[in-house]
Amino acid sequence: MDLIAALDRELQQLDERSLRRRRRIADTPCAPQVQVDGRPMLAFCSNDYLGLAAHPRVVEALREGAILYGAGSGASHLISGHTRAHALLEDRLAEFLAPHLDAVRALYFCTGYMANMAVLTALLVQGGDLFSEELNHASLIDGARLSRARVAVYPHGDIEALEKLLAASSAATKVVATDSVFSMDADLAPLPALLALCEKYGAWLVVDDAHGFGVLGEHGRGSLEHFGLRSPHLVYMGTLGKAAGVGGAFVAAHATVIEWLVQRARPYIYTTAAPPALAHALMASLDIISGAEGAERRAHLRTLIGQLQDSLHLQKWEHMRSESAIQPIIIGANERAMQAATALYEGGLWIPAIRPPTVPPGTARLRVTLSAAHTTENITQLVTALNALETTLEDNV
Ligand SMILES: *Cc1c(COP(=O)(O)O)cnc(C)c1O
């Protein structure tokens with residue numbers, strides 16, 4: 001079979017460049033202590049930033065949701081799959097984001113990937129100019145590709161370059177799309193400056209807050225709360241499979257924007273509604289995020305981030321310090337990053353090596369993510385291992 005042989009050759013090339021990815025099988029719930037491929041491991045790789053993925057109240061709500069609504073929704077939202085659970089969740093999310101968005105309404109999606117595709121394709125269904133930040137998540141990039149817009153990519157964090165592009169645009173619809181916390185570098189987009197530009201030039205600002213929602217802001221409302229923003233130009237996307245611990249995502253914006261998505265966003269319309277039990281479980285997550293326990297979890301997470309930043313002493317590798325739960329450590333070459341991840345794994349620490357094309361060539365890295373479910377002892381173990389490993393690997397060159 002020539003077709004199979006051709007793919008096999010391509011796969012072989014991935015091996016040669018240390019780019020082949022493999023999936024490890026977890027036998028236990030998402031938590032710091034996990035059983036992976038039959039081995040107990042201490043994990044620093046999930047996006048379960050508040051430790052809600054296996055929280056008893058959330059799990060119990062999921063069970064309750066299944067009893068109330070069954071397992072599947074049976075159809076898309078516009079046919080018959082839109083249940084009371086979905087509707088209640090959307091109301092709760094809108095209420096939660098109300099301090100930051102005028103006339104706010106929220107729309108629940110099966111995934112953040114689909115929500116980003118939906119927003120960009122629907123806002124730009126009649127064409128227009130889309131200004132996309134260089135380090136945006138793949139789902140925004142794919143949404144841009146699928147939209148009818150003319151797409152301009154602006155350099156990372158470069159407000160001046162963006163302003164030139166906006167000033168030169170005569171499109172009726174202008175959209176600026178950005179991650180709030182960049183998933184691989186973990187820095188924050190300059191949202192106040194971006195919003196000011198969008199207001200000046202009559203553009204929408206689409207904010208992907210996958211890593212901010214639940215984590216940033218005093219009440220966990222995410223990057224808009226962190227920066228104290230409110231504007232009718234904002235279209236906010238938050239994911240619910242990361243800090244919220246369950247799955248899916250939502251878009252919150254002016255009610256008219258949301259109604260437009262319901263009418264025109266193909267990734268919303270042409271897919272089966274997520275199981276209603278997920279929406280039911282997410283209401284328990286939201287109770288936790290917005291209540292006293294959420295505040296405690298965020299405070300603990302901040303303590304752990306501070307502990308890591310104070311005790312990690314790297315010489316050659318670069319720790320990118322972030323206010324978020326993501327703490328990348330840039331190593332450089334793919335092979336060296338793989339060696340580091342493998343050595344850590346052998347020592348019982350599960351930290352993924354991120355390589356191109358997810359990050360630029362020459363910036364392969366360990367992507368450490370912290371969770372409120374970690375303990376200070378967990379961080380001590382991590383820091384000790386990383387400080388020692390850098391010495392071992394880099395002195396043996
Ligand atoms: C995870 C992620 C998404 C996709 O969300 P899913 O719900 O996992 O599909 C979108 N944007 C960013 C920045 C992400 O990190």
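The values are calculated or read from the model by the stated rules, or taken from the named source; none is laboratory data. This structure is a prediction, so every number in the text was calculated from the model and none was measured. For neighbour counting, all protein chains shown are included, and Cβ atoms are generated from backbone atoms with ideal geometry for every residue, glycine included. Note: areas computed on protein heavy atoms with side chains; ligands, DNA, RNA excluded. Shrake-Rupley method; radii C 1.70, N 1.55, O 1.52, S 1.80 Å.
Pairs of C-alpha atoms in the range 200-273 farther apart than 18 Å represent 45 percent of all such pairs. Using a simple spin-label model with pseudo-atoms 7 Å out from Cα toward Cβ, Arg63 and Gln263 lie 4.5 nm apart. Out of every Cα-Cα pair that the range 1-111 contains, those further apart than 21 angstrom amount to 65 percent.
The amide H of Leu216, built 1.01 Å from its N in the peptide plane, has Gly222 as neighbours under 5 Å, considering only residues 5 or more places off or on other chains. Put simply, when 366-373, 268-275 are sorted by average Cβ atoms within 10 angstrom per residue, most first, you get 366-373, 268-275. Helix 112-123 and the long axis of the chain differ in direction by around 40°, with both axes built from C-alpha atoms. On full extension, the segment bounded by Thr28 and Ser170 gains 45.7 nm, given 0.36 nm per residue less the C-alpha separation. Taking the Cβ-Cβ separation of Arg21 and Thr376 as r and a Förster radius of 30 Å, what is the calculated FRET efficiency to the nearest 0.05? The calculated FRET efficiency here is 0.40. Between Ala292 and Asn387, the simple spin-label model (points 7 angstrom out along Cα→Cβ) gives 3.7 nm. For the chain, the alpha-carbon radius of gyration amounts to 1.00 times the rule-of-thumb value 2.2 N^0.38 Å expected for a compact globular protein.
Across the range 56-290, Cα-Cα pairs more than 34 Å apart make up 12 percent of the total. Once backbone amide H atoms are built at 1.01 Å from N, Val235 has Leu205, Val206, Val207 as its partners under 5 Å, excluding neighbours fewer than 5 places away on the same chain.
Annotation: per residue accessible area for the chain equals 44 Å², rounded to a whole number [probe 1.4 Å, protein chains only]. Look at where the Cα atoms of the range 249-277 and of the range 281-315 average out, and the two centres are 30 Å apart. A full extension of the chain between Asp102 and Ala343 corresponds to an added length of 81.7 nm, given 0.36 nm per residue minus the alpha carbon distance.
How big is D, in µm² s⁻¹, for the range 139-213 by Stokes-Einstein at 25 °C and 0.890 mPa s if Rh is the Kirkwood radius over C-alpha pairs? The calculation lands on 190 µm²/s. Paramagnetic label reach from Lys200 (point 7 Å along Cα→Cβ; backbone nitrogen cut-off under 18 Å): within the range 103-144, residues 131-133. Of the whole protein surface, Lys316 contributes about 130 Å² of accessible area at a 1.4 Å probe radius. Note on Leu314 and Met1: with the Förster distance fixed at 41 Å, the Cβ-Cβ geometry gives a FRET efficiency of about 0.30. Shown here for the range 155-244: GluC sites (Glu not before Pro) in loop regions (DSSP other than H, G, I, E, B) with at most 15 other Cβ atoms within 10 Å, namely Glu218. Summing Cβ point charges (Lys, Arg +1; Asp, Glu -1) relative to the Cα centre of the chain gives a dipole of roughly 720 debye. Spin-label model, Ala71/Ala138: points 7 Å from Cα along the beta carbon direction are separated by 2.9 nm. Ordering of 276-284, 200-208 by packing is 276-284, 200-208, highest average first (other Cβ atoms within 10 Å, averaged per residue). For Asp187, the residues whose modelled amide H falls within less than 5 Å of its own, excluding neighbours fewer than 5 places apart on the same chain, are Phe182. Apolar share of the accessible surface for the range 56-290: 55 percent from carbon plus sulfur atoms, 1.4 Å probe. Calculated mean residue ellipticity at 222 nm for the chain: -13500 deg cm²/dmol, from DSSP H runs with n ≥ 4 weighted as -39500 (n - 2.57), summed, divided by the residue count and rounded to 500. By the scheme Lys and Arg +1, Asp and Glu -1, what is the net charge of all other residues having a beta-carbon under 9 Å from that of Leu14? Overall, the nearby charge balance is 0.
To the nearest 10, the accessible area of Arg365 is 10 Å² with a 1.4 Å probe.
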